[in-house]
Structures are given as C-alpha cells and as structure tokens.
Amino acid sequence: MEKTEFPYQKEDSVLFGVTYRPIIDLEVKTEFGWIPVLAYADSGAYITLLPRSFLYFLDVKFTEDEVKEIGGVGGGKVPVIVREVELRLCDEIIWVKVAIGKDIPYLLGRKNVFDHFEICFRNKKKITSFKVEELINQNR
C-alpha cells in the first residue's frame with residue numbers, strides 16, 4: 001500500500017487569523033453502517049475522541065461506574081464512556097479505543113492508531129501522510 005496523504009484544512013482562528021489543521025478522513029462502523037468522519041490528527045492526544053451522538057450510533061449502553069473523566073491541555077475534566085470501535089482509515093480496518101463524550105471534537109489520537117501507521121505531519125506542505133506500518137517493516 002502506498003502512503004495516503006490528507007491535505008490540511010484552512011480554519012479561522014481568533015488568535016492566529018488563518019491557520020491550517022491536519023484533518024483526516026476516516027469512517028466509524030456503527031449500528032447503521034459506516035459513518036464518515038473528519039477528525040483532527042492529534043499526536044498529543046492519547047485516545048481518539050468522538051462526540052456524544054456516537055452513543056446512539058454505536059448503541060452504547062453504560063452504567064454510572066463506566067463514566068470516566070479525561071483531561072486535556074487546559075486542565076479541565078470531561079466525562080466520557082470508553083469503548084472499542086472499528087475504524088476504516090486508509091483502506092485499513094482497525095479496532096481503536098475511543099472516548100465518547102459531550103462537547104468534544106472529532107479527534108484521532110495515538111492509542112491503537114499510531115502503532116498501525118507511520119504518520120508524518122508535513123507542515124510546510126500542509127499534508128499529513130499515513131503509511132501502513134506492516135508494509136514499512138517488510139521493506140526494512
């Protein structure tokens with residue numbers, strides 16, 4: 001498999017005016033089939049994040065004991081439910097642990113993703129590239 005490249009997307013920023021962000025096309029397997037998602041690729045995030053609507057799409061049932069808190073750069077805590085889901089990324093289907101919560105963005109984190117791909121953030125070219133790790137190992 002050749003590498004797959006995703007162009008950065010232009011966004012307005014209150015602090016920086018115009019900025020470009022690494023946005024990745026992926027799909028999440030749900031009770032209703034595969035749902036396309038645009039997610040920020042975030043090498044600083046440990047786990048992939050999905051918004052609360054995925055509790056419905058994945059038909060997630062949970063108890064209060066399953067509600068955990070995660071924190072981010074700002075130090076605030078967000079209640080989430082952690083589940084394992086199938087993602088389709090670069091024509092590969094992988095199982096990924098995700099945190100589902102209220103008021104959180106689509107975010108592609110490292111857990112179960114960065115081990116599977118060689119990922120390169122090419123800021124000058126405004127491209128993020130993904131290459132399947134198994135093929136990289138076969139070529140070494």
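Taken together, the values in this text are just the output of simple stated rules run on the coordinates, not laboratory data. Just so it is clear, the structure is predicted and the values come from calculations on it, not from any experiment. Note: ideal-geometry Cβ built from the backbone for every residue, glycine included; neighbour counts use all protein chains shown.
A few remarks follow.
- Given +1 at the Cβ of Lys and Arg, -1 at the Cβ of Asp and Glu and no other charges, the dipole of the chain around its Cα centre is 540 debye to the nearest 20.
- The alpha-carbon atoms of segment 16-77, seen along their principal axes, cover 41, 31, 19 angstrom, with the largest extent given first.
- The structure shown yields Cα extents along the principal axes in Å, and of the options (i) 54, 27, 21; (ii) 45, 41, 26; (iii) 50, 35, 30 that calculated value carries the label (ii).
- Within a Gaussian network of the chain (alpha carbon springs, distance under 10 Å), most fluctuating of 118, 31, 86: 31
- Inter-part distance, segment 20-50 to segment 73-133, computed on C-alpha centroids, equals 6 Å.
- Gaussian network model of the chain, Cα within-10 Å springs - most flexible of 68, 125, 102: 125
- Cross-link pairs beyond the 29 Å C-alpha cut-off, checked among 3/102; 77/124; 29/124; 77/111; 102/124: 3/102; 77/124; 29/124; 102/124
- Hypothetical label at residue 66: residues of segment 91-113 whose amide nitrogen lies under 14 Å (7 Å Cα-Cβ projection): 98-101
- Evaluating 6.51 cos²θ - 1.76 cosθ + 1.60 at θ = phi - 60° for every residue in segment 24-40, the Karplus couplings come out as 10, 7, 8, 9, 10, 7, 10, 4, 9, x, 7, 10, x, 9, 9, 10, 5 Hz, glycine and proline recorded as x.
- Once both labels are positioned 7 Å from their Cα atoms along Cα-to-Cβ, the gap between residue 103 and residue 29 label points is 3.4 nm.
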